[in-house]
Structure formats: C-alpha cells, structure tokens
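The numbers here are math on the coordinates, done by the rules we state, and not lab data. Bear in mind the structure is a predicted one, so any value in this text is a computation, not a measurement. Cβ sites come from the backbone with ideal geometry, for glycine too, and all protein chains shown count toward neighbours.
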Amino acid sequence: VQALKTAISACLTLVHCSLNRRQPVNKLHPELLGEIFRLSLPSTSGCLYEGNPNQTVSLKAERRALMTYMQVCGQWRSIVLGMAAFWTVIDMSSDSAWSATCLERSKEAPISVFVQYPLNEAQYLPLVARGHRIREFYLDIPREQRAVFPTELPTLLPAVPNLESLSIVTSCYIWDSDRPELDLERQPHIFPEPPLNLTRLLLKSPCWIPGGVPYHQLTHLHISEGMPFDLLSFLTFLRQCRSLKNLVLDDISNKGIEKVSDDCIPMVELPGLRLLTLGVNQGTWAAFYLLNHTLLPSSVTVHIIGLFAVDVLKDKRLHLPFTEAFDTLVVESTSEHMAIQAAGPSSGLLIQSVGMRYHWANIRETGETLRNVLSRVLPCRSIERVTIDSAAWDATMQILPD
C-alpha cells in the first residue's frame with residue numbers, strides 16, 4: 001500500500017510539473033523570469049535604504065517575498081535559489097542562520113547589510129571578509145542607546161571601500177529629553193577606513209554625524225527629526241556638501257538664531273542641487289533660514305511639505321530667485337490638504353500643507369495669508385496657465401493674487 005501511495009504521489013508531482021511548464025509565464029527564459037521576481041522585491045523598490053528613513057525597514061517583507069516565490073513550484077524555487085541577486089539583503093540583527101544562508105547564496109554579488117547597535121560577535125565576524133561587497137549599510141540604534149557615541153565601531157566593522165549608501169537610524173521620539181543635541185563637531189568614525197565611494201547619507205534622529213565621510217562628494221543627504229542644533233554650525237557643515245543633488249531636511253529645528261543678525265549668517269552655495277525637500281511639522285525658522293541663506297540654482301525644484309509649510313514663506317525677507325521663470329500655477333484643495341504647485345521650464349515649487357490649517361473649509365480665515373504669500377513669492381505677471389482642482393472652487397479662487 002505504501003509503495004502504491006509513493007507511486008501515485010510521484011505521478012501527481014510529474015503531472016503538476018508538466019502543467020506548470022505549460023503555463024505561459026513559465027515559457028519565459030529563467031533569467032528573464034528571475035529578473036521580474038527580483039524587481040518585485042521590497043529592496044529593489046527602494047523602501048529599504050534609498051527611501052525615507054522614517055519608514056520602517058521591511059526586512060520581514062523581503063524574506064516573506066522570497067519564501068512566497070520558492071513555494072509556488074519547483075521551477076520558481078530553482079530560479080530563486082540560483083540567482084545571487086535574490087540574497088543580497090543581509091540582516092545581521094536577528095536570525096544568524098538566515099543571514100549565513102544569504103551571505104552564502106549571494107556569492108560575490110554586492111550586498112546591503114542591516115546591523116543593530118551594539119554589535120555582538122555573531123554580527124560582525126561574518127562581515128570581516130566581505131567588506132568589499134558591501135554597497136549599502138544600515139545601522140539601527142535602539143532607543144536605550146540613543147545618547148551613545150559608538151566610538152568602538154571601527155574595531156568591529158570591516159573596511160567598506162565600495163560603500164555607496166549609509167543609513168543611521170535612531171529609534172526615539174522627536175523631542176526626547178534624554179537625547180543630546182546634534183553635535184556637528186563630534187564625528188565618531190564607524191569604519192576603520194573612510195568610505196571613499198559614499199554618495200548617499202541618511203540620518204534619522206541623530207545626535208552625531210559620522211566622521212571620515214567624504215561630504216564634499218555626497219549627492220544625497222537626508223536628515224530628519226534631529227534635536228535642536230546651532231544653525232550657524234549646520235550651515236557651515238552644509239557648505240562642504242557642494243556636490244549635493246538631493247537634499248531632504250525633515251522636521252529639523254535650530255536654537256539661538258534670534259540673537260544673530262542676517263549679515264553674520266553664512267551663505268551656502270549648492271550649484272548642483274536638483275531637489276530640496278523641507279518637512280515642516282514643528283518650527284519654521286530652520287527652514288526659513290535655510291531657504292534664505294542658500295544660493296539655489298535656477299533649475300532647482302523645492303518641496304515644502306507639512307502642517308506649517310505655508311508659514312515658512314510668510315517672512316518678507318525671503319527671496320527666491322529661482323521662481324522668476326515660473327509660468328504655470330496649479331492649486332489643489334481637499335478636505336485633508338492644500339497643494340500649491342508652480343513651475344517653469346526647468347524649476348518648480350511645491351507647497352503642500354497637510355492637515356486642517358489651510359484647507360478649503362478654513363479659506364475665509366487663511367485666504368489672505370495665502371494670497372499674500374503667493375503674490376510675494378511668485379512672479380504673478382509671468383503666470384500664463386492656472387489650474388484649480390478643489391471641492392470649493394469659489395473659495396479657493398480667493399487665494400489667487402489679483
């Protein structure tokens with residue numbers, strides 16, 4: 001009887017395999033099918049490292065996607081097991097068996113490494129011989145370590161000569177009184193040798209910035225939810241990042257700037273900047289001073305997003321030369337947000353106010369403020385095309401300058 005059951009099972013497996021091979025999707029070449037699978041992984045879509053560091057790293061989603069493909073059929077399992085690109089996200093913070101499997105199956109492919117501080121021997125030893133393969137490094141600092149300067153890391157981590165992206169994320173609240181203020185002078189090294197190929201740096205809730213980083217060649221810099229810092233020191237720091245193409249500053253705040261005159265604040269020149277994003281859900285002064293003391297190229301696009309996005313532009317001292325070529329204005333107003341987008345041939349400005357502060361239901365109270373901001377910031381006489389998308393068209397018309 002057992003032999004009969006085994007024979008029947010083998011026959012059914014053969015039938016299923018034969019049917020699977022005849023499916024249209026399985027007629028694709030294995031390399032092409034594998035590439036389709038790879039492009040659907042969370043890490044490929046950018047949510048692991050290249051996106052917003054406020055977003056939780058979805059390592060479980062990455063692992064779940066791999067397991068899903070491997071359980072469909074034998075052919076798909078063989079494709080996943082045989083492609084090194086499927087195993088390049090290495091989580092050194094939890095399951096050592098899984099990370100060892102990924103390191104082995106990734107062969108010599110470039111890898112992305114997730115490490116939680118403080119490190120233990122099981123975390124750093126497997127990386128020692130693979131430093132040259134690390135392209136992305138994600139350091140997660142738990143809340144209980146939020147005030148620690150990790151001075152011992154260079155003795156634990158390998159040299160990463162080919163590192164391109166570094167993310168340092170601290171798990172804590174925005175206004176955590178037990179976290180020290182961001183110290184731009186204290187820059188602990190985390191690698192034994194400077195990562196000379198680094199071009200992307202993402203920091204969330206930092207109280208320190210990494211040392212040995214070639215800031216002059218960074219193309220992407222993202223800082224979010226930092227403690228109040230000295231604005232003069234920050235602008236001085238930013239002046240060395242002249243190669244930036246994408247700068248994101250999300251809910252950062254400054255201290256003591258009201259005691260400093262505008263003449264004493266250094267100008268920052270970022271000639272290659274293409275996108276500047278400012279998240280403003282707390283104070284507005286840091287965003288205002290950054291806009292007013294940065295020489296932005298004529299081809300830049302500026303996004304100002306958050307509860308107080310409009311308030312950043314209220315100060316009459318603000319001057320934005322890149323808006324002079326604007327010829328298009330789009331206003332979108334819903335029950336949850338208001339978005340004002342102006343653009344020209346090579347530059348743009350997006351003001352997106354999230355929440356109830358400036359949406360159409362409050363337009364009677366806020367319309368004059370919005371109208372004054374637009375008339376001062378935008379070259380109204382050059383605007384040739386205006387589009388309004390609003391549930392209250394008549395009310396939204398009130399914000400347009402005469």
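Between the listed residues PRO228, LEU275, LEU244, the Cα displaced farthest toward the positive end of the dipole of segment 188-338, a dipole computed from Cβ unit charges relative to the Cα centre, is found at LEU244. Cross-linked pairs LYS255/LYS316; LYS107/LYS245; LYS60/LYS255: Cα-Cα separations exceed 31 Å for LYS107/LYS245; LYS60/LYS255. With an a/c value of 1.5 or above and a/b not larger than b/c for the gyration tensor axes a ≥ b ≥ c computed over the alpha-carbon atoms, segment 150-271 is described as oblate. Extension gain for SER335 to GLU185 (0.36 nm times residue separation, less C-alpha to C-alpha distance): 49.6 nm. Using the Cβ-Cβ distance between SER233 and ALA159 with R0 = 35 Å, the FRET efficiency computed as 1/(1 + (r/R0)^6) comes to roughly 0.75. In this calculation the C-beta distance from LYS314 to GLN145 is compared with R0 = 35 Å, giving a FRET efficiency of 0.35.
Shown here for segment 293-329: trypsin sites (Lys or Arg not before Pro) in loop regions (DSSP other than H, G, I, E, B) with at most 13 other Cβ atoms within 10 Å, namely LYS316, ARG317. In this rough spin-label picture, where each label sits 7 Å from Cα along the Cβ direction, the SER78-ARG130 distance is 2.6 nm.
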